[in-house]
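The values are calculated or read from the model by the stated rules, or taken from the named source; none is laboratory data. Because the structure is a prediction, the values reported are computed rather than measured. Heads up, the Cβs are rebuilt from the backbone with ideal geometry, glycines too, and the neighbour counts pull from every protein chain shown. Just so you know, the surface numbers come from the protein's heavy atoms only, side chains and all, with ligands and any DNA or RNA stripped out. Shrake-Rupley method; radii C 1.70, N 1.55, O 1.52, S 1.80 Å.
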Amino acid sequence: AAAWQVAHGAVAWLRRSAVHMGKTRQQYCVAAGGCLLLGAGLLLLAVWRDIRASAALQEFENHLCGLLFIVGCASLSLGALGASAGCCPNRLLLCLYAWTALLLSVFCAASSAIFSLQVSSTATRVELDCQEVQIGEPVGQAAQAAQTAYDGMQADLAYCRQSNPNVLELRACPTSLGTSGSRWRHSQFWDIFESAEDKYGCSGFCKDGPSLFALPVGSVNQGNVQELRPACFAPIMEEVRSKAVLGCSSLLLSSVLLLLPCSCACWLACAPPPGRRANYVHRAEELQWTSISHPEMSEAESEESERLLK
């Protein structure tokens, strides 16, 4: 209710300001551009909230989420500035608004292209490294961290089972003193492998491996606890790609939306003041009075009114 009252008051203030300014088309366009920027900012923040939940994207490309948050907040701020510029036209403010929107648009387009290529390259290198591992080659640099993390967690789980053979998952060993200690519990790969097991039913990274977390629930028992599952690198890299495509697409869409407010602001800032048209001659009917008969006037009063007008 409070938010609705604030929004209603803001709209009423904008209307009063628009009436005071004369309600020019350019000012309406600038205000509409500000609303577009607000929408772009909300879109970027919604995408940021969605993809930041992906532990895989956070590990393999951790800068994209932060960029979406920063650009989303910048778009919201610029949208508020655009709405103010539409209501209170000032050439300096409009030029500042237009140039900022243009620079932010170029930045969004460039960032979208760069991150798209970078994520695709990273995912491809990880997949190639894992394919080499499956044919007996050593682990490459791109996949080494993830494979080392899985091997350490598996060693920790094996150590835990020495004292308790009935343990099915790593989360049941909170006090395990294996060689890897507790550092895997504070690692990003813990969340990555746990999520991958639950969503894709895989285990291991480059090589097939037994389950670490007994997920999905009910799929692991004492009879199949050592059963190998398909490696997780392919679905994890596919998730990284899909989340990155979502983020880069939202940046590209925002760059297009940012060009529209920039154009509207330039239209208003560069519009010349109204002036007389050279050699314009008014038509006779534009200059003469037009008599209007009133239903309550008598015939004599109408004739007198026409005589006075002549």
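For this structure, a couple of remarks:
- Here the accessible area is traced with a 1.4 Å probe on the protein chains. For segment 51-173, carbon and sulfur cover 61 percent of it.
- Note that segment 39-150 shows a convex hull volume over its alpha carbon atoms of 92 Å³ per residue.
- The heavy atoms of F233 present about 20 square angstrom of accessible area, all protein chains included, probe 1.4 Å.
- Subtracting the Cα-Cα distance of L42 and L128 from 0.36 nm times their residue separation leaves 27.2 nm of extension gain.
- Protein-only accessible surface order, largest first, of D129, D191 at 1.4 Å: D191, D129
- Chain lengthening between T148 and L93 when straightened (0.36 nm per residue, less Cα-Cα): 14.3 nm
- Cβ-Cβ FRET estimate between H186 and A113, R0 fixed at 30 Å, reported to 0.05: 0.30
- For segment 60-136: accessible area per residue (Å², 1.4 Å): 49 Å²
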